[in-house]
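Below is one structure, written out as structure tokens, with a few remarks after it.
The values are calculated or read from the model by the stated rules, or taken from the named source; none is laboratory data. None of these values were measured; they are calculated from a predicted model. Reconstructed Cβ throughout: ideal geometry from the backbone, glycine too, with neighbour counts over all protein chains shown.
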Amino acid sequence: MKNSIKYIKLLFLSLFAVLFVIWASAGKMSGVFGTSDHVAARENSVKADPASTPDPNLFVGSQTCQACHESEFDSVATTKHGKLETIASWKDKVTSCESCHGPGKEHVEAGGDITKIISFKNKTSKEVSETCLACHSGSESHNKFRRSDHWRNNVGCTDCHTAHGPNSHATKIGSISLPGINSDDKPGTGTLAMLKTSEPQLCLSCHSEQKADFSKPFHHKVLEGQMKCSDCHSAHGGFELKNARLSVGADSACIKCHSDKQGPFVYEHLPITTEGCAACHTTHGSTNAKMLKRNQVRQLCLECHTAITESLAPGVPSFHNQASVRTQNCTTCHSKIHGSQTHPFFFR
């Protein structure tokens, strides 16, 4: 009988523990996937409330808009937005000006009264972006935008993209002259993503510190046109620090090019497996060879291998005597510093 009571108590305790774990996990997941406000915003952008759906009779069509807004109409006609009507899956859907600006009948009947149409001039970057995400949040490359650094810093879709196309007044952006890159291209022209101007000019118009890094002696060849910012970063956000492009880990962006450092290795170097490439290297540019954070390799090694400095004591023989030029370069012996398949001390 006593055993039965103990069994029942144990069963209830186990059930309580399982329910507590489920409750705690739900709280954590809400933090990962955004606040309740963000969740509600996402739901609103995906499914509209039937009660708030505009009457189809209130739409006038883009041809009516053209009568007053001819330049915007002509420019948007050359973009992806303007060509949606030719795609079968978008047939019978609102794909013209009114898909963003709302039904225009009252605006037209009021002689162009701006208060009778959705205008984005006085909207915040987040409000503008929510309009874009009503269509674009379904794609993998955009559905993380509300978790991005850009979103948190009030950088919206139209800070980088132009909704109307290359000839619109909305495409104006400060020009940046870069060596090796044709900066004379019209903003937005030829860009599938409808950017205001091409990379890296667009990114560097805000990220001036990185432009300075790219001018250092050892750097990634971005200003030369051999790489783009988006090769490593996702402007629309991700789960990693600084929006590194791939979700497996920030180093995945590095390994796309530096595949010989990928591993897996039998003997792994701990800083690489825990902190990654950025533990030793700068990511944009450096005055040090191989874009190292220190100008000597040993200075990097001694940040972790502090016991080695004891060999500086006079009369104490050591292979790691830092007073000797012969043993100051760690990688002379530890040549496989990124990882080794054959030796625990990375000798080969």
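Listed conditions (1) among the small types (Gly, Ala, Ser); (2) over 14 Å from residue 164 (Cβ atoms); (3) surrounded by fewer than 17 Cβ atoms within 10 Å (Cβ to Cβ); (4) over 27 Å from the mean Cα position of the chain (by Cα) are all met by residue 119, apart from (2). Restricting attention to region 92-125, the residues that are under 13 Å from residue 60 (Cα atoms) and outside any loop (DSSP other than H, G, I, E, B) add up to 8. If we scan region 187-199, do we find a residue that is at pLDDT 50 or above, farther than 21 Å from residue 121 by Cα and among the small types (Gly, Ala, Ser)? Checked region 187-199: at least one residue is at pLDDT 50 or above, farther than 21 Å from residue 121 by Cα and among the small types (Gly, Ala, Ser). Applying the criterion of being modelled with pLDDT under 90, within 16 Å of residue 80 (Cα to Cα) and within 17 Å of the chain's Cα centre (by Cα) to the residues of region 136-171, the residue that is surrounded by the fewest Cβ atoms within 10 Å (Cβ to Cβ) is 139.
Which residues, taken from region 300-344, are surrounded by 14 or more Cβ atoms within 10 Å (Cβ to Cβ), modelled with pLDDT of 80 or more and outside any loop (DSSP other than H, G, I, E, B)? Listed by number, the residues that qualify are 300, 301, 330, 339, 340.
Kindly establish whether residue 35 is modelled with pLDDT under 80 and surrounded by 13 or more Cβ atoms within 10 Å (Cβ to Cβ). I'd like the intermediate steps shown before the answer.
On the way: modelled with pLDDT under 80: yes; surrounded by 13 or more Cβ atoms within 10 Å (Cβ to Cβ): no.
No, not satisfied.
Please find, among 211, 221, the residue that is at pLDDT 55 or above and either touching a Lys or Arg at 6+ places or on another chain (Cβ under 8 Å) or not in a loop (DSSP other than H, G, I, E, B) (or both). Steps first, answer last, please.
On the way: 221 fails: either touching a Lys or Arg at 6+ places or on another chain (Cβ under 8 Å) or not in a loop (DSSP other than H, G, I, E, B) (or both).
Criteria check complete, one pass: 211.
Checked against (1) aliphatic (A, V, I, L, M); (2) within 29 Å of the chain's Cα centre (by Cα); (3) farther than 30 Å from residue 238 by Cα, residue 133 meets all criteria but (3). Within region 41-75, take every residue that is modelled with pLDDT under 50 and in a helix (DSSP H, G or I) and give me the one that is nearest to the chain's Cα centre (by Cα). Among them, the one singled out is 42. Close Cβ contacts (under 7 Å, 6 or more residues apart or on different chains) running from residues in region 322-339 that are at positive phi to residues that are surrounded by 11 or more Cβ atoms within 10 Å (Cβ to Cβ) comprise 339/263; 339/265; 339/267; 339/268; 339/269; 339/272. Restricting attention to region 128-168, and to residues there that are charged (D, E, K, R), touching a residue at least 40 places away in the same chain (Cβ under 8 Å) and part of a helix (DSSP H, G or I), which single residue is nearest to residue 203 (Cα to Cα)? Among those that are charged (D, E, K, R), touching a residue at least 40 places away in the same chain (Cβ under 8 Å) and part of a helix (DSSP H, G or I), it is 149. Could you count how many residues in region 54-104 are more than 19 Å from residue 133 (Cβ to Cβ), among the charged types (D, E, K, R) and crowded, with 19+ Cβ neighbours inside 10 Å? Adding up the residues that qualify gives 1.
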